[in-house]
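> First the structure, then my questions, so here it is.
All of the numbers you see were taken from the coordinates with simple rules; none came from a lab. Source: prediction; values computed, not measured. Cβ: placed from backbone, ideal geometry, glycine included. Neighbour counts: every protein chain shown.
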Amino acid sequence: MFSNLRRKYDFTDYILWLIGATLLIAIIYGSFVTLSSGKYTTEQWLNFVIFGLAQGGIYALIALGYTMVYGILGMINFAHGEFFMFGTFGAFFVAEALASSGFLESNPLLSIIVMLMAAMIVSATVAVLSERIAYRPLRRAPRLVPLITAIGVSYFLQYTARGFFGSGVEAFPNVPALAGVVQLGPITMQRSQIAVFAATGILLFLLWFIVSKTKVGRAIRSVAEDKDAAALMGVNVDRTIALTFALGGIMAGAAGVMYGLVFRQVAFYMGFVPGLKAFTAAVLGGIGNLAGAVMGGLILGVIESVGPSLFLEGIGIPSPHQLKDGIAFTVLVLILIFRPSGILGERLSKRA
Amino acid sequence: MRTRTLLLFSVLVLFALAFAACAAPPATAPVADAPAAATEAASEAPAADAAASTDAAAGCTDALGCVEIAAGDPIRIGYALVVAGPNAALGEDSARGIEIAVDDLGGELLGHPIEIVGEDTGCSPEGGQAAATKLASDPTIVAVIGTSCSSEARVGAPILSEAGLSMVSPSNTAPDLTDPEKRTPGYFRTAHNDLVQGAVAAEFAFNNLGLTKAATVHDGSLYAVGLATAFADAFKALGGEIVSEQAVNVGDTDMRPVLTTIAAAGPEIIYYPIFTSEAGFITAQSKEVPGLENVKLMAADGSFSQDFVNAAGEAALGMYLSSPDFSAFGDAYQGFLAAHEAKYGEPPLSAFHAHAYDAANVIAAAVQAVAIQDGDTLIIPKGALRDAIAATSGFQGLTGTITCGESGDCADPKIAVYEVTDISAWNPNVTSPMKVYP
Amino acid sequence: MQKERPYSLLDAATLGLYGGIAAIMIALVGMVDAFERKDIIADVVTMSQVLLSAMAFTPAFFAASRAQRTRGKGISLVAGAVAGSIAALLVALLALAIVPLNLRAVFVNATPVLVNELMPGDLEGIIGAVVLVAAGLVVGVIAALLTWLPGVLRRATIISLVSVTLIALLADVIAVVIPREVDRYIYRSNGLSVEGAITVFVVILVIACLWQVLQPKLNRAVANLPESRRQVLRFVTTIVLLALLFAAPALLGSYLSEVADLVGFYIVMALGLNVVVGFAGLLDLGYVAFFAIGAYTMAVLTTPELPLVRSFIPQLSFWAALPLAVLAALLAGVLLGVPVLKTRGDYLAIITLGFGEIIRLLVLSDALKPVMGGAQGVTGIARPEGFGLRADTPQEFYYLILISILIAWFITARLKKSRLGRAWMAIREDEDVAAAMSINLVGYKLAAFATGATLAGLSGAFFGSKLGSMVPASFNVLVSINVLAVLIVGGMGSLPGVVVGAIALIGLPELLREFNEFRWWVYGAVLVAMMLFRPEGLWPDAVRERELLEDHEPNVIDEDPTGLAKDATVPT
């Protein structure tokens, strides 16, 4: 993948192995101490994993947009987290209206579908507009230019939301049907978590189906492979790229609804951190690779949830959950050191 | 192509103009102009009065310098409060208290209109740093009301203090800030010290609820760390046990993992004196973590607002919040509430409006005590002002009798514990939350 | 641009539509309401009126000038009117829709108050809307008439209009540096006086006209000078510039010096990042980490707090801690450089980003609180003192920062022209080719990282000392992003560009206090506009600019892909 011109091994490799080995030993030692202390029951470990998966599912949905845009344009779309945020607001306003009319209580499933539609439409619209206005004219610019543009779009969208919707935190309406727990053997799960898993699964299947089985998907893949060749074969490149953004936006909108249902807070700044995490997840799984994005998201969520207690608590680090993001990034660095193109490697595109 | 560069060009022209203009009279540098100019009705531009250079002028012998106010110019008092973002209710509440205080003063002081200059602090240390730097660089500011959050004061207070300014905070409660070893000279507060609040919360949990095992959560802020520690110390002194001390980061959303860690320690009550957004997540998500279903929840005055209850949702029902005891405030407080309702059409947003009202009045009284009329110009010596605030004694405020002294703690602290009884109607002691202790 | 096709009125309408949408955004974001109280000309024109008219004026101006080029003057008038009135029509529709559609439920700023502010005077309802559209039409016609003016005058008028607005907005700042008599003449307590506005407009108009006429002649005159004379001229200019820079704090006063200091920190950082990204082409999104390391080393070594640290390291003075802070950043640069070397492109970006976040989280954590101060940070950081002097005020710090900028400038300027600089550029252009040319990638990349880190550490050390207190939140990923933006807006790889970028992105927003609430919104919009219309930056580097102007294909190599040949002629 990389050039063969470089020497096979040099001193940096040894330093890397040293860093990696040190971190690994620390992780293993910490886990061992924590596990042997028996502080947590098996059920609690399972809870950690489930909480992590629920968070990871949201990361995964956002990461898909990142990875698709990267795969097709080779650009890091920093503004993707804001698409997600706008989607959450879209769902929020619809949910407010539904809740105040009582429809939410009487028809929860239909309500959620309506919220999903609203969020997807809003996110996709924002995504397509951003692409049309800010990114399309820069197709052939050097790679840093679109990156800075994306940062600008991110700021702009975030503060547009602040101006439009206010700087405070809004409370997402409670969906009574999603309250309460379901007992699955030894596992206790929140209904809202089950809803997240179900929705994530369905959406992933749909996306996979679109990308790999339909004509549109073939167009997307061909543009990702080679824009010029695709254009020669009669693919409308501009439309395909816009479509990719729309698909990414739809996934982000869905993530927004999930976020609203699970965390029940909406604020203008809420897109940035999940966006960053989702980008990390996409890289973790191998950016440009759809399955990788999902896997990266889930792994990241689980590491954030399990890691602090498992790795750090045992070695006596106080307030370990403060460092969850640090653990996530450390694992990311470790993985990239040993697998420079992510867990599953790249697929949609071959550049790095 | 050309038109694009126009903007850049005009900016350059501006700078050139500015340079040309100031390079023109090199013999009479602005310093020399100042005394003559200060007597004239100047524009309201903050640095225009060149107060920094007036030390040389006759009339100011104060070691910290003076603020000179020409006839008709406003007396400018700064505030550094959190008026935007998730914790806006906290600062907005105080800002309204200040506005009502200015109204009650008739909008003027010693024949000069009062102007309030606000900076948002974001309830973060760097926000406090930025706001303090801005206010400190404005030589027309007489004194500062603020900050909202203790973390802001820790970094903001030294900056303001070094600039010769005095500040009176309506809502900083962290014990550290008035710790004699750590306090900066210009710092005062009308808010209570959290050693008191932590103790009241611990007594309530231990004696009234009869709980012996508690967990605390802080968010790294000075306020939360100080209050969580005060609570833990008092709780242990009463004979209770702190089974888990955890921390979250500002901006975290998924609290379930940290709550699971807490659940493993088996507490009977979780005390999380943190701010709106994160406290909301903890409250809501605690109901979803196995083992915490019946654990009592308690937060503090940093989350004492409708915004918090909104963020927490139904899970907030039945939880406790410690805060200043409004029922112990004097009769004048009822008048304040009426004025608030009349002016803003709603009950106060959070817990520190009365303290802000008092802070503004303490400053106004001190300004009246030290200001010197020199011809048309009003001279306010900053060092004397600081001493006058420290000398405040037996001042009858809304929150009680205010006596500052060298400690900087001016308050007469009365703390109560409230229970959230209704999540949609915020009006302390009227609808929800209702006082349950003492 | 391709050959222009004849301009149709539909195009003008489209432009007007864009203007109208922009105006609606401005209204809904809350700018109109906020600026209603800000007068540009006291009691005559408010900032919101200026902003809203600009949204009709700008599309009308562009529509009219294009129409004039292809269809003549008469049509240009119609085009301007169409664009202006359509922009106003959208605003009018918004004003009419707010109350009946209850837009308030979604948009917090869509209040009845906003409706009043959008409607002209005390008019309301349909009549108000009609008057508003008529006003837009008038503005459009004026814009069209402006296009009839000869080029020099047209540009000068626009410059003057923009300048008057800026001068009104920057009243607080400008009042400090101009003589009091001038201040009293042009300013009222709320904005410019009418006669002040007219004077400013005329003066700038004259200056702008003269500048446009004389500047080419001046350029030619300079170009015709013999080389020796030109060198003298360059030398004199440099001296004058330096003298101005050193005299600045006395003229600027405390607040402007404060802003200058902030800009200075960013300049030093951006000069460092310029080496990493601009010279060597390594995209670093975690640059703030080195800034943090410099600042925290300074903080931890010089604070009287942190008893644990004090028990084994004595409290140092600023000057003793400074080299250690820089050294710590350098070491961190080398250490981070190692894993970074293994990756390329976006993986490199994410690893550095992760590293930046890890550093921030570590200093924030309870675990390292005894040595780093935790989320509360560290206070009581030492100020530079020595020779009986002590830097306390922003003005005094200005000199220290200026000196560090000059040092950083000198180092990077020398490096750029050195063997090292050429090797970096070769790596930037194509790593594989560079490696094939037996350029030692590992060593050179490490050198770039270490240089960048050192400068960031230097900036951080001064930053910590200047603030006197250090908190982890000052080191979030946005700082890295902002430094990168400074670099790119200024012009990648260009040293003067860094300065221009820092002034534009850090200084101006700081000065335009009125925009405080909207600064990041405008910042985002400006960033996007910059990248769309001037991607090479405000002051581009010669080599970079050439690359950008070419059709950017990675494999198209011109005679001089790296600028090596050009640079090689410069003696080093």
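> If amide hydrogens are placed 1.01 Å from N in the peptide plane, which non-local residues have theirs closer than 5 Å to the one on C:Gly493?
Counting only residues 5 or more places away or on other chains, the set is C:Gly278.
> If you don't mind, another one. For region C:336-442, state which chymotrypsin sites (Phe, Trp or Tyr not before Pro) are in a DSSP loop and have at most 12 other beta carbons lying within 10 Å of their beta carbon.
Here the sparse-neighbourhood loop sites are C:Phe387.
> While we're looking at this one, here's another question. Quick one: Karplus J couplings for region A:242-251, per residue in order, coefficients 6.51, -1.76, 1.60, θ = phi - 60°, nearest Hz, x for Gly and Pro?
Per-residue couplings from phi come out as 4, 5, 4, 4, 4, 4, x, x, 4, 5 Hz.
> Something else: What's the exposure ranking of B:His340, B:His112, B:His218, A:His80, going from fewest to most Cβ atoms within 10 Å?
Exposure proxy ranking, most exposed first: B:His112, B:His340, B:His218, A:His80.
> At 25 °C and 0.890 mPa s, what whole-number value in µm²/s does Stokes-Einstein give for the translational diffusion of region B:371-427, with Rh from the Kirkwood sum over Cα pairs?
166
> Enumerate the amide H contacts of B:Glu241 below 5 Å, restricted to partners 5 or more residues apart or on another chain; note that Pro and chain-start residues carry no placed amide H.
Under 5 Å from the amide H of B:Glu241 lie the amide H atoms of B:Lys213, B:Ala214, each far enough along the sequence or on another chain.
> Sequence neighbours fewer than 8 away in the same chain don't count; with that in mind, list the aspartates and glutamates whose C-alpha is under 13 Å from C:Lys466.
The reachable aspartates and glutamates, counting only those whose Cα sits under 13 Å from C:Lys466, are B:Glu162, C:Glu258, C:Asp261, C:Glu385, C:Asp392, C:Glu396.
> Amide H neighbours of B:Ser148 under 5 Å, counting only residues 5+ apart in sequence or on other chains, H built in-plane at 1.01 Å?
B:Val82
> Within 10 Å of each candidate Cβ there may be at most 13 other Cβ atoms; applying that plus a DSSP loop requirement, which chymotrypsin sites (Phe, Trp or Tyr not before Pro) in region A:3-94 survive?
Passing both the DSSP loop test and the Cβ count: A:Tyr9.
> Under 8 Å for C-alpha pairs, at least 6 residues apart: give me the relative contact order for region C:1-148, rounded to a whole percent.
Averaging sequence separation for qualifying contacts and normalising by length gives 31 percent for region C:1-148.
> Could you calculate the FRET efficiency of C:Glu385 with B:Thr401 from 1/(1 + (r/R0)^6), where r is the beta carbon distance between them and R0 is 56 Å, rounded to 0.05?
0.80
> Dipole of region C:1-148, Cα-centred, from +1 at each Lys and Arg C-beta and -1 at each Asp and Glu C-beta, to the nearest 20 debye?
For region C:1-148, the charge dipole is close to 740 debye.
> Got a sec to turn the phi values of region C:395-407 into Karplus ³J(HN,Hα) couplings, 6.51 cos²θ - 1.76 cosθ + 1.60 with θ = phi - 60°, whole Hz, x for Gly and Pro?
Karplus-based 3J(HN,Hα) across region C:395-407 equals 5, 5, 5, 3, 5, 4, 5, 4, 5, 5, 5, 4, 4 Hz.
> Could you list C:Met47, B:Met434 in order of exposure, starting from the residue whose Cβ has the fewest other Cβ atoms within 10 Å?
Least to most surrounded, the residues fall as B:Met434, C:Met47.
> Using alpha carbon coordinates only, what is the Rg to Rh ratio of region C:154-224, with Rh defined as the Kirkwood radius?
1.11
> Treating the beta-carbon of each Lys and Arg as +1 and of each Asp and Glu as -1, no other charges, what is the dipole magnitude of region C:135-237 about its Cα centre, to the nearest 20 debye?
Roughly 460 debye for region C:135-237.
> List the trypsin sites (Lys or Arg not before Pro) within region A:100-205 that fall in a DSSP loop (any state other than H, G, I, E or B) and whose Cβ has at most 15 other Cβ atoms within 10 Å.
Here the sparse-neighbourhood loop sites are A:Arg139, A:Arg140.
> A follow-up question, please. So which residue, out of B:Pro381, B:Pro158, B:Pro180, gets the largest mean-square fluctuation from a GNM of chain B using Cα contacts under 10 Å as springs?
B:Pro180
> Using Cα pairs closer than 8 Å and at least 6 residues apart in sequence, work out the relative contact order for chain C, in percent.
14
> Of the candidates A:Leu138, A:Leu23, A:Leu184, which one comes out as most mobile in a Gaussian network treatment of chain A with C-alpha springs shorter than 10 Å?
A:Leu184
> Under the Kirkwood approximation for Rh and a Cα-based Rg, what ratio Rg/Rh is obtained for region A:16-338?
Reported Rg/Rh, Kirkwood definition of Rh: 0.99.
> I would also like to ask the following. Tell me the mean residue ellipticity at 222 nm calculated for chain C from its helices only (DSSP H runs of n ≥ 4, each -39500 (n - 2.57), averaged over every residue, nearest 500).
Rounded to the nearest 500, the figure is -23500 deg cm²/dmol.
> Starting from the Cα-Cα distance between A:Phe205 and A:Ala291, subtract it from 0.36 nm times their residue separation and give me the gain in nm to one decimal.
That works out to 29.9 nm of additional length.
> Moving on to the next point. If exposed trypsin sites (Lys or Arg not before Pro) are those in a DSSP loop with at most 14 other Cβ within 10 Å, what is the longest stretch of chain C that has none?
C:38-572
> I've got another one for you. Among the DSSP beta bridges whose two residues both lie in the protein assembly as shown, what percent are antiparallel, rounded to the nearest 5?
50
> How would you rank C:Leu306, B:Leu378, going from fewest to most other Cβ atoms within 10 Å of each one's own Cβ?
C:Leu306, B:Leu378
> Follow-up. Residue by residue through region A:115-124, which ³J(HN,Hα) values in whole Hz follow from phi under the Karplus form 6.51 cos²θ - 1.76 cosθ + 1.60 (θ = phi - 60°), with glycine and proline marked x?
Along region A:115-124, the couplings run 4, 4, 4, 4, 4, 5, 5, 4, 4, 5 Hz.
> So what's the back-of-envelope 222 nm ellipticity for chain B, counting only DSSP H runs of four-plus at -39500 (n - 2.57) apiece and dividing by all residues, rounded to 500?
Taking each H run of at least 4 residues, the total per residue is -12000 deg cm²/dmol.
> Roughly speaking, what % of Cα-Cα pairs in chain C are separated by over 34 Å, rounded to a whole number?
52
> Between A:Asn107, A:Ala118, A:Trp208, whose Cα lies farthest towards the positive end of the dipole of chain A when Lys and Arg beta carbons carry +1 and Asp and Glu beta carbons carry -1, centred on the Cα centre?
It is A:Trp208.
> Now, a different point. Work from the charge dipole of the protein assembly as shown (Cβ charges, +1 for Lys and Arg, -1 for Asp and Glu, about the Cα centre) and give the residue of B:Asn207, C:Asn224, A:Leu298 farthest towards its positive end.
Comparing the listed Cα positions along the dipole, C:Asn224 ranks first.
> Taking only the alpha carbons of region B:265-375, what extent do you get along each of the three principal axes, in Å, biggest first?
In descending order, the Cα extents are 73, 30, 24 Å.
> Continuing with the same structure: Nothing charged except the Cβ atoms of Lys and Arg (+1) and of Asp and Glu (-1): what's the magnitude of the dipole of region A:274-352 about its Cα centre? Round to the nearest 20 debye.
So the dipole magnitude of region A:274-352 works out to roughly 360 debye.
> What share of the DSSP beta bridges in chain B is antiparallel, in percent to the nearest 5?
Roughly 40 percent of the beta bridges in chain B run antiparallel, per DSSP.
> Work from the charge dipole of region C:154-224 (Cβ charges, +1 for Lys and Arg, -1 for Asp and Glu, about the Cα centre) and give the residue of C:Ile167, C:Val213, C:Ile186 farthest towards its positive end.
C:Val213
> Continuing with this model, one more query. Could you work out the equivalent-ellipsoid semi-axes for region C:35-112, taking the square root of 5 times each eigenvalue of the Cα gyration tensor, largest first, in whole Å?
Whole-Å semi-axes of the equivalent ellipsoid: 30, 18, 8.
> Rg and Dmax of the protein assembly as shown, using alpha carbons, in Å: what are they?
31.1, 94
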